[in-house]
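The values are calculated or read from the model by the stated rules, or taken from the named source; none is laboratory data. Since the model is a prediction, treat every value here as computed from it, not as a measurement. Don't worry about glycine lacking a Cβ; one is built from the backbone with ideal geometry, like all the others, and counts go over all protein chains shown.
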Amino acid sequence: MAQEEIRRHNAGTLLRHVHLGGALSRTALAERMRLNRSTIMTLTTELATAGLVREELPADTGRAGRPSLVVRPDSGQVYVLAFDVAVDRLVAARVALGGTMLDRREAVRPRAGADLDRVVEVLARFGRQLHRTAPPSSVCVGVGASYCGMIRPGDGMVRFGPDMGWVDQAFGAELGRRLGLGLPVSVGNEAHLGALAEQLRGAGAGLQNLIYLHGDVGVGGGIIVGGKLLDGDGGYGCELGHMVVNPYNGRPCGCGSHGCLEAEAGERALLDAAGRPAEVWGRDAVRAVVDDADRGDPAAQEALRQVGDWLGIGVANLINLFNPGMVVFGGMLRDMYPGAAAQVRARITANVLPVARERVRLRTSALGDDATLVGAAELGFSDLLADPLGVLTRTRG
Ligand SMILES: [Zn+2]
């Protein structure tokens with residue numbers, strides 16, 4: 001690697017450490033990055049001059065001698081815009097370096113009849129408001145968006161958005177054009193981004209192998225192996241909701257197949273099993289079934305058991321395949337999982353190879369409904385974290 005490239009890489013790595021880890025002493029950074037303290041000092045000075053980090057004396061350590069300066073992200077200088085096109089809502093947020101959500105806007109999204117133009121119009125309006133109300137001295141360094149569908153990497157084209165019926169819609173390009181910030185919009189699949197967010201800042205922080213299952217109308221997934229998201233040859237991997245768990249008399253799935261995980265363990269499956277009529281749907285309806293079960297309603301309890309068994313079969317297959325350290329349940333599954341946990345665990349005991357289930361932990365999403373938005377923000381920061389000073393020079397103009 002050329003000298004310049006090494007310096008760029010080290011600056012990005014240092015910034016990533018404090019962006020994700022908060023305040024860290026120079027000594028801790030030197031240990032984590034396996035660099036000597038004078039190199040760390042040069043890097044932090046450069047990043048501090050650029051307004052990306054601040055250095056300060058730590059609170060009294062109680063120890064004798066000169067304390068190591070603490071480096072923390074400067075949350076006032078740069079930010080990203082993050083967007084979330086979820087099944088039931090549209091969200092935009094301004095997120096500081098370090099991950100603090102500074103400001104946000106949110107709108108309810110009707111499930112039917114949302115065309116590209118309408119969705120982008122709402123998001124771009126929110127984005128421009130957030131940009132206008134940011135302090136004049138701060139700079140937008142990236143834009144990330146989460147979308148509930150299959151996304152082509154690189155240009156943010158929605159190849160397939162099942163719930164809105166979108167096929168090949170230039171979502172990323174159109175949002176970028178209407179924001180008018182001169183920045184590209186990086187778009188990712190919501191479950192992929194939820195997985196990254198839970199691994200970076202949520203339930204699985206620090207884990208290298210994690211599976212995230214995201215429920216809404218359907219079930220999406222993200223699989224992280226060795227710290228990297230498995231996205232497949234075209235970027236469309238981890239469609240865990242279409243893993244067939246019930247091939248013989250399975251319920252029909254929106255994809256045209258039968259017995260997919262999302263057909264057996266998704267929102268509609270739960271509501272049908274609980275005897276709710278077809279016109280009842282959505283997150284509140286799922287919560288109502290969970291609440292009824294908590295109050296001892298036998299029909300609601302049986303519905304959760306039935307759906308939990310199918311979910312457990314899917315999870316057991318995934319654990320055998322990937323040996324994750326953790327499985328995280330997000331979106332609607334976060335509400336549903338506690339009532340179905342006994343069935344999921346029973347399936348793991350019955351179907352997972354003993355050595356693969358020794359260490360796996362099952363958790364609900366720690367970031368809640370914002371997991372996908374947090375993932376979008378991290379996508380927005382990725383260019384800055386790859387080359388902090390270069391990106392800053394370009395965006396400050
Ligand atoms: Zn399917």
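Only residues that are small (Gly, Ala, Ser), assigned to a strand (DSSP E or B) and out of contact with any Ser or Thr (no Cβ under 7 Å at 6 or more places or on another chain): list them for the stretch 146-172, please.
Within the stretch 146-172, the subset small (Gly, Ala, Ser) is 146, 149, 154, 156, 161, 165, 170, 172.
Still in the list and also assigned to a strand (DSSP E or B): 146, 161.
The one that is small (Gly, Ala, Ser), assigned to a strand (DSSP E or B) and out of contact with any Ser or Thr (no Cβ under 7 Å at 6 or more places or on another chain): Gly161.
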If only one of Asp74, Asp117 is modelled with pLDDT under 95 and surrounded by fewer than 17 Cβ atoms within 10 Å (Cβ to Cβ), which one is it? Asp117
Output the residues belonging to the stretch 245-265 that are closer than 30 Å to Gly154 by Cα and crowded, with 16+ Cβ neighbours inside 10 Å. Cys253, Gly254, Cys260, Leu261, Glu262
Given (1) within 20 Å of Asp88 (Cβ to Cβ); (2) in the same structural domain as Val328 (by the TED database), where does Ile224 come up short, assuming only one miss? (1)
The helices (runs of 4 or more DSSP H) lying wholly within the stretch 208-324 that contain at least 3 residues that are within 16 Å of the ligand (Cβ to nearest atom) are 261-265, 267-273, 298-322
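The rows are residues; the columns are (1) out of contact with any helix residue (DSSP H, G or I) (no Cβ under 8 Å at 6 or more places or on another chain); (2) free of Cβ contacts under 8 Å to residues at least 40 places away in the same chain.
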site: Asp233; (1), (2): yes, yes
site: His242; (1), (2): no, yes
site: Arg268; (1), (2): yes, no
site: Pro277; (1), (2): yes, yes
site: Arg295; (1), (2): yes, yes
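Considering every residue within the stretch 117-129, establish whether at least one is outside any loop (DSSP other than H, G, I, E, B), over 17 Å from Gly172 (Cα atoms), over 21 Å from the mean Cα position of the chain (by Cα) and in the same structural domain as Leu175 (by the TED database). I'd like the intermediate steps shown before the answer.
Just the residues of the stretch 117-129 that are outside any loop (DSSP other than H, G, I, E, B), to begin with: 117-129.
From the residues that got through so far, the ones that are over 17 Å from Gly172 (Cα atoms) too are 129.
Then keep just the ones that are over 21 Å from the mean Cα position of the chain (by Cα); that gives 129.
Now drop any that are not in the same structural domain as Leu175 (by the TED database), which leaves 129.
Yes - at least one qualifying residue is present in the stretch 117-129.
For (1) crowded, with 20+ Cβ neighbours inside 10 Å; (2) free of Cβ contacts under 8 Å to residues at least 40 places away in the same chain; (3) not aromatic (Phe, Trp, Tyr), each residue gets a yes or a no:
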| site | (1), (2), (3) |
| --- | --- |
| Gly142 | yes, no, yes |
| Gly165 | no, yes, yes |
| Phe171 | yes, no, no |
| Gly182 | no, yes, yes |
| Val187 | yes, no, yes |
| Gly194 | yes, no, yes |
Given the structure, is Thr27 hydroxyl-bearing (Ser, Thr, Tyr), at pLDDT below 90, surrounded by fewer than 16 Cβ atoms within 10 Å (Cβ to Cβ) and over 23 Å from the mean Cα position of the chain (by Cα)? no
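Please indicate, with yes or no, whether at least one residue in the stretch 177-190 is of a type outside the set (Ser, Thr, Tyr), within 19 Å of Gly331 (Cβ to Cβ) and assigned to a helix (DSSP H, G or I).
Taking every residue of the stretch 177-190 in turn, at least one turns out to be of a type outside the set (Ser, Thr, Tyr), within 19 Å of Gly331 (Cβ to Cβ) and assigned to a helix (DSSP H, G or I).
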Are there any pairs with C-beta distances below 8 angstrom linking a residue in the stretch 356-377 that is part of a strand (DSSP E or B) to a residue that is of a type in the set (D, E, K, R), with the two at least 6 apart or on different chains, and if so which? Leu362/Arg345; Thr364/Arg334
